[in-house]
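Input: a single structure, listed below in structure tokens.
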Amino acid sequence: MSSKLIIIRGNSGSGKSTVAKKLQHKLGYNTMLIPQDVVRREILRVKETDGNPSTELIRQIAIYGRDIGYNVIIEGILVNKRHKEMLESLIKEFSRSYVYYFDIPFEETLRRHQSKSADFGETEMREWWHEKNYLGVKDEVLIGESMNEDEITNMIFENVIFD
């Protein structure tokens, strides 16, 4: 079985991390989850600036996952300015790729975020906000606010399994 790449992007508080974790569990073993925040903030402990090494490490981890036959989920804000080139190169490296963008209004992401305990609030979310930050690749799926986390997880799961 060939490895598949699943890219889940969106603004902070949109629900992408929760969906990515649920999707990894639903897909089962041999599925690798690469959360951008873990790579950048916890493994490398660098700020989200141009040229920071997290972009390259995400790429290398994804290639490793492919090479050992895992499906790979990359999740994060993954702003085009810093990550588009890397993501597009990974799409070419995998036999099949699925790209999802959580296109959720700021007010809804703030509401979702407030239901969780976190180290940041509205001020930081506004600073990190990127409106309509679509990757712009073929078959990119935009996910709106009408679907809940389980519906989104099931939709992505079915796309990946039945393709």
Mind checking which lysines have their C-alpha under 21 Å from Lys26, skipping anything on the same chain fewer than 8 residues away? Lys4, Lys16
Considering amide H positions built from the backbone, and no H for Pro or chain starts, which residues 5 or more places from Met32, or on another chain, come under 5 Å of its amide H? Asn71, Val72, Ile73
In whole Hz, the Karplus estimates of ³J(HN,Hα) for the range 98-105 (6.51, -1.76, 1.60; θ = phi - 60°; x where Gly or Pro) are 10, 10, 10, 10, 7, 9, 10, x
Over the Cα atoms of the range 77-163, what is the Rg over Rh ratio if Rh follows Kirkwood? 0.99
For the range 38-50, take each phi angle, set θ = phi - 60°, evaluate the Karplus expression 6.51 cos²θ - 1.76 cosθ + 1.60, and give the result in whole Hz per residue in order, putting x for glycine and proline. 5, 4, 6, 8, 9, 6, 9, 6, 10, 7, 7, 10, 4
With a/c under 1.5 counting as rounded, go ahead and sort the range 101-152 into rounded, prolate or oblate using the C-alpha gyration tensor (a ≥ b ≥ c being the square roots of the eigenvalues; past the cut-off, prolate if a/b is larger than b/c, else oblate). oblate
So what is the relative contact order for the chain, in percent, with contacts set as C-alpha pairs under 8 Å and at least six apart? 36 percent
Please turn the phi angles of the range 143-152 into ³J(HN,Hα) values with the Karplus equation 6.51 cos²θ - 1.76 cosθ + 1.60 (θ = phi - 60°), one per residue in order, whole Hz, x for glycine and proline. 10, x, 6, 6, 9, 8, 4, 5, 5, 5
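The numbers here are math on the coordinates, done by the rules we state, and not lab data. Just so we're clear, the structure is a prediction, and the values are computed from it rather than from any experiment.
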